[in-house]
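The values are calculated or read from the model by the stated rules, or taken from the named source; none is laboratory data. It should be emphasised that the depicted structure is a prediction, and the values quoted were computed from it without experimental measurement. As a convention, Cβ positions derive from the backbone with ideal geometry for all residues, glycine included, and neighbour counts pool all protein chains shown. Please note that ligands, DNA and RNA were not included when accessible areas were found on the heavy atoms of the full protein model with its side chains. Shrake-Rupley method; radii C 1.70, N 1.55, O 1.52, S 1.80 Å.
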Amino acid sequence: MSYFLRILAYILLTIVAVVSLFPLYWLFNTALTPASSTVKLPPDLIPVNATLDNFDAILRASGVAKIPIPGSDEPWRVPRLYLWFVNTAFITLFSTAIHVLFDSMAGYAFAKRKFPGSNVLFVMILAALMIPAQVTLVPLYLLITQWKLVNTFAGVILPGLADVIGIFLLKQYIQTLPTELEEAARIDGASEWLIFTKIILPLTTPALAVTAIFSFQRYWNSFLWPLIVLQSPDLFTLQVGLSFIHTSEFGTNYGLLMAGAALAAIPMIIFFFAFQKYFMQGLRIGAIKG
Amino acid sequence: MSITIAPHPSLVHRIVKFWHKHKWSYFFIAPSMILFFIFVAFPVAQAFVLAFHQVDLRSSSWVGLKNFQDLGSSKLFWSTMQHTLIYAVCVVAAWITSSLVVAALIQPLSNKIQSLYRGAFYLPNVTSIVIIALVWIWIFEPDYGFFNYLLTLIGLPKVLWLQNPDIALWSIVLSTILIVPGSGVVLYSAAMGAIPREYYEASDVEGANGLQKLLHITFPLLKPTTLYLTVIYTIAGFQIFERVYIMTGGGPINSTTTIVQLIFQTAFSDFNYGRASAQALILFAIIATFSFIQFKFLSTDVEY
């Protein structure tokens, strides 16, 4: 390609990239700009008077949670935003760990083991891949209500643990592994659990990483289900908490809102840069197997 | 006489043998399958039942197709379908085009710079839609928002991006299509990288120009990727919720309601579980159609 065309490609790409990244940039720019400067024209295009005031403001706006301390009359007062972080992290990490374990177990069984019923069950999983989550929204809510799990973490976590995509992805991956190692270990008298954990899992690491990463992203960003299940602000996740502040009296204080949004976005952004390779790999695995 | 009343020994033997042979297989699938039946299979079946019922807090009664008939005669439902369709069509068309163009542009660059651009285009996709939607409310803000600032710079009147019922839906579309989808860039870029050099060399020998190569080699070989992306973007488009819920809540005057927003409202504001299930089944039918197309045309593996 000629030199001129190459320069043109760079310019065009950079313009498109700048537009694509602009909302994220504007988020951080506004979060760092003093509140008084978010209601003036022209706006500050870069945070010239950078300040963390908005972060203090969002901590206050999120309200105070009073956590009882055993043996003390005085409860521990903590800004709710901190709780939202802890809640989100707990729900995300717990669900991701369970997904990786259960999905790899089922994926292994479907890929490598012949047992009566495996075809029927796998076809059911394939069929479930086509069903949008919204179909089960009302039935799951009724179930959670019946089990008295409304407004609990169990209510948020449990329905999500059935993960058809992860099972499908891991089955497809484990299928491509050679069978000889497994059989050799079996002849040597290794237990089935040992074969799974010491032979299958280490070979499955790339697919496990992809499952973990997508599940992490899904839970960290999940909104609709926690919004339905959770009612007390102390139990909110970050996404639900942000939407809660957005509809509160602070909803038009954009400096404060952007500070909250920035705090919620930062862990996911760090996570992305740390595992970028697996994000890209995961996309391709998903696409190849449709 | 040797009549035995005990169970047939070979049957017991077979059960024991079966158990020994398969117990580990069932152990491995049990956790997932139990969760699957409780939280997927059973609720899906129940959604079908609910859709044909009038459900109150206390009772529920069979009403046949009434929920669907009510939807058919509901103006709100049809305008909701229309909004969702407009959104999905615009987003699919824009995303396929923009990711194809970006992938084609980064193709000749060095590997390092390619992956830098891929990362840049993927980054906005990892942030939650709730966060992205909050930023867009701020960008669309009438008095101090960035877009109206840009308009005043070039001497145009301010626009009520999210407050004007004639514009709000298009603003939501705009907020979506301005961001190039990272997944499309990554997949197109991988597909282009996998096209054998010889194809282009052969066409050079025959004197093909750049455009001819694009039309006769690149595009046809990208067809599986295009089909796959079209299907997943269509499905994602029809499922739009957070963006609408946060940015407009379906308003002003229901000008931006989408199917999932409507399901949410019907179920959790009106508590009409039967009708909400009927709406969800209609969404299911739409999405199943597209998934079916994907399975039918992509049953052969696409190799990169």
Reduced to Cα centres, the span from the stretch A:216-274 to the stretch B:91-109 in Å works out to 31 Å
Hand me the trypsin sites (Lys or Arg not before Pro) from the stretch A:1-109 located in a DSSP loop with no more than 12 other Cβ atoms within 10 Å, in residue order please. A:Lys40
Chain B - percent relative contact order, Cα under 8 Å, separation 6 or more: 28 percent
Number of partner chain Cβ atoms within 10 Å, mean per residue of A:22-28: 6
Taking Cα atoms, how many degrees apart are the long axis of helix A:276-288 and the longest axis of chain A, rounded to 10 and kept between 0 and 90? 50 degrees
Taking only C-alpha pairs under 8 Å that are 6+ residues apart, what is the relative contact order of the stretch A:3-51 in percent? 29 percent
Using a 10 Å cut-off around each Cβ of peptide B:134-145, what is the average number of partner chain Cβ atoms that fall inside? 6
Heavy atoms only, probe 1.4 angstrom, no DNA, RNA or ligands counted: give me A:Thr197, A:Thr136 ranked by accessible area, highest first. A:Thr197, A:Thr136
Which values, in whole Å and largest first, are the semi-axes of the equivalent ellipsoid of chain B obtained as the square root of 5 times each eigenvalue of the Cα gyration tensor? 45, 36, 18
Solvent-accessible heavy-atom area per residue, rounded to whole Å², over the stretch A:76-288 at 1.4 Å: 40 Å²
Any idea what the alpha-carbon Rg over 2.2 N^0.38 Å comes to for the protein assembly as shown? 1.07
Extend 7 Å from the Cα of A:Arg6 along its Cα-to-C-beta direction; within the stretch B:205-228, residues with backbone N under 20 Å of that point are B:210-211
What is chain A's relative contact order, in percent, from Cα pairs under 8 angstrom and six or more apart in sequence? 28 percent
What is the log10 of I(q)/I(0) for the stretch A:3-51, computed with the Debye formula using one identical point scatterer on each Cα and no solvent, at q = 0.24, 0.27 Å⁻¹? -0.82, -0.93
Listed peptides B:186-196, B:68-78 by packing density, highest first (mean Cβ within 10 Å): B:186-196, B:68-78
Rounded if a/c is under 1.5, else prolate if a/b is larger than b/c, else oblate: which is chain A, with a ≥ b ≥ c the root eigenvalues of its Cα gyration tensor? oblate
Roughly how far apart, in whole Å, are the Cα centres of the stretch B:120-196 and the stretch B:240-281? 22 Å
Can you give the longest stretch of chain B with no exposed loop site, where a site means GluC sites (Glu not before Pro) in a DSSP loop (not H, G, I, E or B) with at most 12 other C-beta atoms within 10 Å? B:1-205
Residue-averaged beta-carbon neighbours from other chains (10 angstrom radius) around A:272-284: 4
